[in-house]
Amino acid sequence: MTQLAQRTQRIDASGIRRVFDLARSLENPINLSIGQPDFDVPDGVKKAACDAIGAGHNTYTPTQGIAPLRRQLLAEEKAFTQRDWSEQELLVTSGVSGGLFLALLALVEDGDEVIIPDPYFVMYKQLVRFLGGTPVYLDTYDSDFGIDPDRLAALITPKTKALLINSPANPTGRILSRSELEAVAAVCRKRGLLVISDEIYRHFAYGPMTSMAEVYENTLLLAGHSKSYGMTGWRLGYACGPAPIIRAMTMVQQYSFVCAPAVTQYAALACPQVELGPYIDDYRAKRDLMVSILGEHFKLAPPDGAFYLWAEAPAGYTGTSFVEKAIANNMLIIPGAVFSERDTHFRICYTVPDDMLRKGAELLCKLALD
Ligand code: PMP
């Protein structure tokens, strides 16, 4: 038997795989587990993709991304973050996952620590471990899922490589306010610490949204098109940050992904014509609907953005045992232990039609009262 690399032993996909295995066994479940938008790619963007294929834009692109997309993204980032990014500070990636992978490959060495607020997006913990680093969890449960700056300061050691934040967050939907980000920046500035800021949900903000890059110079920003344009399968994202880090990421991309998908890059040139307002309004209304029904029976994290709700399992249940009960009643939700070192909560994704949402919320309330 060929021996697998030791690093494969360090990652574990069992939690989420179990849920998806169960999903396959259910017939027409109320499925509140899928972490993606329910709208299709807008027509103008689809047409741009077809036109790109027709025009023969089917070959490799420069590793950094095609020039018109780079110009577009630099202008967008300048407007969003109020910073004058240079050419050397941008790399087009294969999704935010691609950006995250390149960033961590370029930064994390054996024994390095990466501070990750808990709960966290699943990939963070697994990738840091895969690359030989140690995730150091910053508990946020008793700070309303925000970041307590003193707790952050206490976790920083000489081995700390970066703080990895996500706002609006998956799984909580929490947005870190400008003043919270400023407090985080003050701690990081004092220690010269890089912040990797995953802002993939930045457009799904139901209140004010500040980018970490606005308040802290040493930020590596990761953003992308998957969620905003229903393009999860098209694999497009980008990284904006300190030139030496972008340079290293570009080098790694050259020998791995090569470039982000060409067709998708050309299609993304049509994204600025898309009016995102209606999609955001739709999800805001779904959030309000869920909060109004579930808020009566569950303790919820403040859902400021993204399209998730993070709810505490009722008394007497762990996150996992409550999810098992939901699954026994033909509903799929995700146990909090997939996103956390604790097993006290569950995650709902509300990007489904309102009738299913209502049915799901009512069933959850019924289960909580059982
Ligand atoms: N970051 C977060 C917080 C996410 O929730 C996701 C997708 N679920 C990603 C990154 C990866 O997105 P992409 O499709 O751009 O790779």
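The values are calculated or read from the model by the stated rules, or taken from the named source; none is laboratory data. Computed from a predicted structure; not experimentally measured. All Cβ positions, even for glycine, are placed from backbone atoms using ideal geometry, and neighbour counts span all protein chains on display.
Screening residue 6 with (1) over 27 Å from residue 259 (Cα atoms); (2) crowded, with 19+ Cβ neighbours inside 10 Å gives one miss only, at (2). Considering every residue within segment 135-147, establish whether at least one is more than 20 Å from the chain's Cα centre (by Cα) and within 14 Å of residue 118 (Cα to Cα). Yes. Does residue 77 satisfy the condition of being charged (D, E, K, R), within 16 Å of residue 246 (Cα to Cα) and in contact with a strand residue (DSSP E or B) (Cβ under 8 Å, 6 or more places away or on another chain)? Here the answer is yes, as residue 77 does meet what is asked. The single residue among 88, 72, 82 that is away from the ligand (no atom under 16 Å from the Cβ) and touching a Lys or Arg at 6+ places or on another chain (Cβ under 9 Å) turns out to be 88. Determine, yes or no, whether residue 289 is over 22 Å from the mean Cα position of the chain (by Cα) and buried (at least 21 other Cβ atoms within 10 Å of the Cβ). Against the criterion (over 22 Å from the mean Cα position of the chain (by Cα) and buried (at least 21 other Cβ atoms within 10 Å of the Cβ)), residue 289 does not qualify.
Going by the conditions given, is residue 240 farther than 29 Å from residue 350 by Cα, surrounded by fewer than 22 Cβ atoms within 10 Å (Cβ to Cβ), at pLDDT 95 or above and in contact with a strand residue (DSSP E or B) (Cβ under 9 Å, 6 or more places away or on another chain)? Judged against the criteria, residue 240 is not a match.
Scanning segment 33-69 for residues that are of a type in the set (S, T, N, Q), within 16 Å of the ligand (Cβ to nearest atom) and surrounded by 18 or more Cβ atoms within 10 Å (Cβ to Cβ) yields a count of 1. Would segment 315-336 turn up any residue that is closer than 30 Å to residue 45 by Cβ and under 18 Å from the mean Cα position of the chain (by Cα)? Yes, segment 315-336 contains a residue that is closer than 30 Å to residue 45 by Cβ and under 18 Å from the mean Cα position of the chain (by Cα). Elements of the type helices (runs of 4 or more DSSP H) sitting completely within segment 9-94 and holding at least 3 residues that are basic (Lys, Arg) and in the same structural domain as residue 254 (by TED's automatic domain parsing): these cover 67-81.
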